[in-house]
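Engineer: The structure under discussion is supplied below as structure tokens; questions concerning it will follow.
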Amino acid sequence: MKQKLFVAALSCFSVISFAQAVAEPDFVGEVVMLKPDNSSLLLEKSTSRIRTAANAGVYMVGIGSVRSKIELEGCCAKTRIKSRDDVKFIVKAVDNNTDPMAIVKVFAFEKNKKIRRAELASMHTFAGAKSNTLKYLPFTAKKYGESSYLITLSEKPVGEYGVTVSNPNNVDEKSTIVSTFAVD
């Protein structure tokens, strides 16, 4: 019994010491993935664009809907993980004093052959407007290092995903950088 307890404690200690051995990303907004084989990988970053489109009814009779979406070029993220794998992310922020739920967003993309999209907001003539309509993945977070968070995803359904980090001290960010990964 003591031997099993010792092995369990040693395993926990090695996981914790590995996690702390990985350096924080260099720049705010960067995301490093901690893989199950104890290696780490910087997620690919893409500059996004916002596209707003209205359906034909809006132009013809003034009734219909308008949607704003965040778009990334390319069909698929280069970084792929398995849904069964236990993967964590180190996300660099301006500091780690802000609630990570307020500044770190992990969300799903719809994909086609050329583009990945996620709906930011929509408005319909009769239904009103909705904002912040991204499909978020739930996560838990802990402080990590000087200004980062250790993020653990609660769910990992198959799909394409993006991670954004906002700066709570700067509301007027010019473009959104998205770190991407996919779950197979």
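Engineer: So how do Arg117, Arg51, Arg80 rank on accessible area, 1.4 Å probe, biggest first, that is with the largest at the start?
Structural biologist: Result, largest first: Arg51, Arg80, Arg117.
Engineer: Around Leu137, under 11 Å between beta carbons, what's the net of Lys plus Arg minus Asp minus Glu among the other residues?
Structural biologist: Taking every Cβ under 11 Å from that of Leu137, the sum is +2.
Engineer: Sticking with this structure for a sec: Where does each of 63-73, 144-154 land if you order them by average Cβ count within 10 Å, highest first?
Structural biologist: 144-154, 63-73
Engineer: Next question, about the same structure. Around Lys88, which amide H atoms from residues at least 5 apart in sequence, or from another chain, sit under 5 Å from its own amide H, with H modelled in the peptide plane?
Structural biologist: Here Leu34 satisfy the definition.
Engineer: Further question on the same structure: Kindly sort Arg49, Arg116, Arg84 by accessible area of their heavy atoms, largest first, with the probe set to 1.4 Å.
Structural biologist: Of Arg49, Arg116, Arg84, the descending order of accessible area is Arg84, Arg49, Arg116.
The values are calculated or read from the model by the stated rules, or taken from the named source; none is laboratory data. Given the structure is predicted, the values throughout are model-derived calculations rather than measurements. Quick reminder, even Gly has a Cβ in these numbers, built from the backbone with ideal geometry, and neighbours come from all protein chains shown. Heads up: the accessible areas ignore ligands, DNA and RNA and are worked out on the full protein's heavy atoms, side chains in. Shrake-Rupley method; radii C 1.70, N 1.55, O 1.52, S 1.80 Å.
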